[in-house]
Amino acid sequence: MDEITQDKCRELRGMLAQAGYAVFFGGAGVSTDSGLVDFRSQKRGLYNRPSEYSASPEEMLTPKFYEENPEEFFDFYRTKLLNLAAPPNSVHYALAEMERAGVIKCVITQNADNLHQRAGSENVIDIHGNVYINTCEGCGRRFPPEAVADCPGVPRCGVCGGVIRPGILLFGEVPDMKLAMAAIREINRSDLLIAGGTSLKVSSAPRLLDRYRGKLVIINDEPTPYDSRADLVINAGISEVFARIWP
């Protein structure tokens, strides 16, 4: 890490110390050190890799593809997205410690991997769903993620035969309004919002950030559309930055 980036990390430490209500807004880059893929980065993003399937990853994660090609959807979901063995990493643990210390009040995540909760964070808003919540489309019964992960083909409810739908938000779907409103309330309360490991290109980002008027810090190893609006931009890996700002 160069001296300029180190200076920015020190500046962020000072901003955290002065903040009355700091909120973290994270994306797929938070979980890459856990072995999970991100979607949009130029270097390793899933959308920038050749597809092994009949459609692009972005198209496969739509309601239309899910409904018309369920077997291929679930093969892609298990192979590329669902990794129940992935452990929380240093950023997840740091955020949980920061919450216990009162430094971070809430984590809003675009990830559905449940790693923030497994690391110990309690006030987490999963605006794009959670792989640990799986629901039968026929009778509404809930299932653990293993019911999807360990089932060949299309997972079905043993009671009614309905498809077990993973609890993730597909592209074009509207986020759960209760979760969206909770995220908006937290962001509106905050005087410091740290956006980390996210391209800020997914539709949930502008919905949440466009009216935010507090201090904004962006931590991402690639530029984002919100860099010009941020009070501080740190172009570095998020795990490197958190190693400098906490403890």
Going by a 4.7 Å Cβ-Cβ cut-off, which cysteines of the chain have no partner at all? C9, C106, C151
As an exercise, identify the trypsin sites (Lys or Arg not before Pro) in region 5-114 lying in DSSP coil whose Cβ has no more than 11 other Cβ atoms within 10 Å. K43
What whole number of Å gives the distance from the Cα centroid of region 1-44 to the Cα centroid of region 97-121? 14
Filtered trypsin sites (Lys or Arg not before Pro), region 144-247: DSSP coil and at most 14 other beta carbons within 10 Å: K201, R211, R213
Would you kindly derive the ³J(HN,Hα) couplings of region 111-128 from the backbone phi angles with the Karplus curve 6.51 cos²θ - 1.76 cosθ + 1.60 (θ = phi - 60°), listing them in order in whole Hz, with x for Gly and Pro? 7, 10, 8, 6, 6, 4, 5, 5, 7, x, 5, 10, 8, 10, 10, 8, 5, 10
In terms of the Cα gyration tensor, with a ≥ b ≥ c the square roots of its eigenvalues, is region 188-235 rounded because a/c is under 1.5, prolate because a/b exceeds b/c, or oblate? oblate
Based only on Cα atoms, what Rg/Rh ratio does the chain have, Rh being taken as Kirkwood's radius? 0.98
Please report the antiparallel percentage of DSSP beta bridges with both residues in the chain, rounded to the nearest 5. 25
How big is the gap, in Å, between the Cα center of region 186-204 and the Cα center of region 131-185? 25
Counting alpha carbon pairs within less than 8 Å and at least 6 residues apart, what relative contact order, in whole percent, applies to region 5-136? 26
Given bins 5 angstrom wide, list per bin the percent of all Cα-Cα distances in region 60-158, short to long. 2, 12, 18, 22, 17, 12, 9, 6, 2, 0
If you line up the Cα atoms of region 33-96 on their principal axes, what length do they span on each, largest first, in Å? 41, 25, 17
What do you get for the angle between helix 3-18 and the principal long axis of the chain? Use alpha-carbon atoms, 0 to 90 degrees, nearest ten. 90
Taking every DSSP beta bridge with both residues inside region 1-134, roughly what % is antiparallel (nearest 5)? 0
Against the rule of thumb 2.2 N^0.38 Å, how large the Cα Rg of region 1-144 comes out: 1.23
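Read-outs throughout are calculated quantities, based only on the coordinates presented, and are distinct from any laboratory measurement. The shown structure was predicted, so the numbers you read here are calculated from the model rather than taken from an experiment. Counting neighbours? That spans all protein chains shown, and the Cβs are built from the backbone with ideal geometry, glycine included.
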